[in-house]
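Read through the structure below, which is laid out as structure tokens, and then see the notes.
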Amino acid sequence: MSDKVVRAKFVESVQPRLGGDTTRVILKALHQGQVKEVKDGEDVEVDEEQEGKSGMVVMPSPLLSSTPPSVVRSMVRLYPYLKLTDKALGVLTWSDFSIWNSIVLVPAYLLFVLYYEVFVAYLGHMIVIFCVLGLMWIYNFVESPQDVPILEDIVLKMNRVQYKFDKFIEPVITLKEQDITKLLYVSMLISPIYVLLGCLLGNEFIRFNIASFGVLILTYHSPWCKTLRRLLWKFKFVRTVIYRVMGIQTYEVQEPKINLDKKYKFTYVLYENQRRWLGIGWKSSMLSYERTPWTDEFLNEAPKPSDFQLPNKEWKWLDSEWKLDLSNDGAIEVPGERFLTNPKENDGYIYYDNTWKNPSIEDTFSKYTRRRRWIRTAELIEKLPTAATTTATSTSTTTPSVK
């Protein structure tokens, strides 16, 4: 069972952002009027010319209302790079919809390593041109306006890249610290032998090592290599040889655990905002055009702590109650303990002028607004599929699936 700590800022319900309707602004900025926004229950009428330019009709995303425009712009700019990364990792992990790219990559790599001098002798002058053409293709792909994603597509692509990258480096992250230490000692011991063979056999020995190591990486996740490893790993002799040669501790093959859960820890952040009214003092009543009394870090309206609820039953609170964060996430630290569970009325506030600028920890005559930061940590338990479910899924589909 693995724990992951992730920073998160959420808004409990979809609210209009400060300064206008975020959904309409973002759609206009992203698609530049080439795509039609469709509301729920409304008939879709697509202009053929417009559809030919854009290639799709974008539905309003519920995530847009609670996501800051700066974050959306960055995610949209990142989407083409995510597609390229997802494609590359799919080829390396043999999880692409077609494995022929992975198959062709192996002999292409072998030919390049074994006949490196031939490529350099006859095509060396073209290497720079090929590199420039490759960079131009990547740039045109990134800047292409044809592929306009919605926010859910970007989140899904990010999850795919994360899953494939974890799968690609799985052989490394499964090693323990003592395994790395033993492997380092064994490598130091066999270094003289490696140097001697290099001197006797010359460049052919080095080329053979590079080719073997590259093919091992490129074919490690292939179906037949997985099957071969499972068969060989059943023999105690193979495990003993690996332990003696590489120093890596080996174990008997065990059935995978049925109930594996991943736990993710999220920190919810709320800001309490107040304004000073002459003759009255500090109150939660705000001006009509500014932020609400309770917001998240992106100025989205949020419920107060007593009304804040977790999304569903898969969440549970780790902290018994909300805590006042005097560190303010490193912005301006208020003197005293870092966290307060039962603060006084004026504890932990950062004071601002009438336009929410010039922050200070002191309440002076020129300060008319203030806010303080509340945090509470929750835990999300992700139920992973069981071994039986995974086997049934893999046998019922013809193409690899990404979780």
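The values are calculated or read from the model by the stated rules, or taken from the named source; none is laboratory data. No experiment lies behind these values; they were computed from the predicted model shown. Reconstructed Cβ throughout: ideal geometry from the backbone, glycine too, with neighbour counts over all protein chains shown. Just the protein is used for accessible areas: all its heavy atoms, side chains included, with ligands, DNA and RNA removed. Shrake-Rupley method; radii C 1.70, N 1.55, O 1.52, S 1.80 Å.
Data table
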{"item": "Qualifying residue in the range 327-338 (condition: at pLDDT 85 or above and part of a loop (DSSP other than H, G, I, E, B))", "result": "no"}
{"item": "Residue check for residue 304: open to solvent by 70 Å² or more (accessible area, probe 1.4 Å) and not aromatic (Phe, Trp, Tyr)", "result": "yes"}
{"item": "Hey, residue 267 modelled with pLDDT of 65 or more, among the hydroxyl-bearing types (Ser, Thr, Tyr) and loosely packed, with under 15 Cβ neighbours inside 10 Å or not", "result": "no"}
{"item": "Qualifying position, being within 30 Å of residue 90 (Cβ to Cβ), open to solvent by less than 90 Å² (accessible area, probe 1.4 Å) and part of a helix (DSSP H, G or I), among 230, 160", "result": "160"}
{"item": "Hits in the range 288-300 (condition: open to solvent by 30 Å² or more (accessible area, probe 1.4 Å) and at pLDDT below 90)", "result": "288, 289, 297, 298, 299"}
